Amino acid sequence: PSGANTSVPSEGGYLVHKDFSSILLDKARQESLVWQDCTEIPIGPDSDGVELVTIDETSRANGSRWGGVQVYRRGEADTVAASKPAFGKLTIDLEDIMGLAYVTERQLRDGSSLAAVVSKAFASEFAFRMDDEVINGTGNGQCLGILQSGALSTVSKEAAQTGTFVAANAAKMLARMPARLIGGAKWYINQEVLPQLVTMTLGNQPIYMPAGSIAEAPYGMLLGRPIVPIEQAAALATKGDVILANFGEYLVATKGGLEQADSMHVRFIYAERAFRWLARNNGAPAWKSALTPYKGSSALSPFVVVENR
């Protein structure tokens, strides 16, 4: 090989602990605020992605449930029209996500120092990037973020509403979450929204009191669901500043752990060693579109936001 690798001890493999990569990836997942809530699908050794059979259901109206299943009352000696489910396919192809670091030979003399710096910095960055893609990803060589997905349900702002997030927004967002998914939903917010929550009222009555009092710790509950501030949420009054989501309905395909390799040749004349970490994963919402309810017209979805205000 043109560079050092972990399989040959004399070329640097002895510098890398076998369990270091798995520890780093575990730390990244624990540090994430969104990724850890997603549904993970492990991919086997002979596959480069996953194809899932889905039910092509976009409406709960009669004749549309399960993509077309319908039953009828029948009179004696009569028959009914045949129906069947409609199936779709969700394909998630694995993509690479990589980190690269150069470390001087002097630093390598203290392995514990190197491990501490790398585990903190790269675990944090892997976590941040995955959280960002789950929210904002384009789907082009990376995860398809919920804000770019057809599954997103967007609530209209209130009349004359400008630069705020109000109680009516929260109530209407909750009404867009399918009832069976409310129990696993959370509010993911930009921290700029916090003053809006603290001062939120219905009439003259405050409706958000963390742990029962403004003197208590922040980030309590809003309409019975937990509040999680994240950096990846949009700025206040921008679509995506407050996201009501059940990320159990978001699929992340992963293959193996975090691969690692190091080379003494890339920066040989500088007395630096190159360290590389590589993971293969990708993600997308399990829903391809929001769902028209049986009664009413407001589209239901596991991912709900308010339009720009």
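So how do VAL198, VAL53, VAL228, VAL193 rank on accessible area, 1.4 Å probe, biggest first, that is with the largest at the start?
VAL53, VAL198, VAL228, VAL193
Of (i) 23.2; (ii) 20.3; (iii) 25.6, which is the value of mean projected area of the Cα convex hull in nm² derived from the coordinates here?
Correct label, based on the coordinates given: (i).
Which of SER64, ILE189, ILE269 sits closest to the plus end of the dipole of the chain, meaning its Cα is farthest towards the positive end, when Lys and Arg get +1 and Asp and Glu get -1 on the C-beta?
Of the listed residues, the answer is SER64.
Starting with the highest mean, order 31-42, 120-131, 142-153 by the number of other Cβ atoms within 10 Å, averaged over the residues of each peptide.
Answer by packing, highest mean first, reads 142-153, 120-131, 31-42.
Report the accessible area of THR104, computed with a 1.4 Å probe over the heavy atoms of all protein chains in place, in Å² rounded to the nearest 10.
50
Hey, what did the chain get for relative contact order, percent, Cα under 8 Å, at least 6 apart?
It comes to 29 percent, rounded to a whole number.
Which residue fluctuates most in the GNM of the chain (Cα springs below 10 Å): ARG180, ARG74, ARG65?
ARG74
If you roll a 1.4 Å probe over the heavy atoms of the protein chains, what accessible area per residue do you get for the chain, in Å²?
Ligands and nucleic acids excluded, the result is 53 Å² per residue.
If one takes the longest principal axis of the Cα atoms in the chain, at what angle in degrees, from 0 to 90 and to the nearest 10, does the Cα axis of helix 111-136 lie?
That works out to roughly 30 degrees.
How much solvent-accessible surface does MET221 expose, in Å² to the nearest 10, with a 1.4 Å probe and all protein chains in place?
Its accessible surface works out to 100 Å², give or take rounding.
On a C-alpha basis, how far is the centre of the stretch 150-207 from the centre of the stretch 56-94 in Å? Whole number, if you could?
Taking the Cα centre of each part, the stretch 150-207 and the stretch 56-94 sit 34 Å apart.
If DNA, RNA and ligands are ignored and the probe is 1.4 Å, what is the ranking of VAL134, VAL166 by accessible area, most exposed first?
VAL166, VAL134
Given the Cα-Cα distance of GLN191 and TRP66 and 0.36 nm per residue of separation, how much length would full extension add, in nm?
Gain on extension, GLN191 to TRP66, equals 41.1 nm.
Leaving ligands, DNA and RNA out of it, rank ILE55, ILE243 by accessible area with a 1.4 Å probe, largest first.
ILE55, ILE243
Would you please give the FRET efficiency between LYS172 and HIS265, computed as 1/(1 + (r/R0)^6) with r the Cβ-Cβ distance and R0 = 45 Å, to the nearest 0.05?
0.15
What figure, in Å² to the nearest 10, do you get for the accessible area of TYR294 with a 1.4 Å probe and non-protein molecules left out?
Estimated to the nearest 10 Å², TYR294 gives 120 Å².
In degrees from 0 to 90, rounded to the nearest 10, what is the angle of the helix 20-31 Cα long axis to the longest principal axis of the chain?
30
Hey, any idea what % of the chain's accessible area is carbon plus sulfur with a 1.4 Å probe?
52
The values are calculated or read from the model by the stated rules, or taken from the named source; none is laboratory data. Predicted model, so just to flag it, every value in this text is computed and none were measured. Backbone-built Cβ (ideal geometry, glycine too); neighbour counts: all protein chains shown. The protein model used for the area step is the full one, side chains on, heavy atoms only, and it has no ligands, DNA or RNA in it. Shrake-Rupley method; radii C 1.70, N 1.55, O 1.52, S 1.80 Å.
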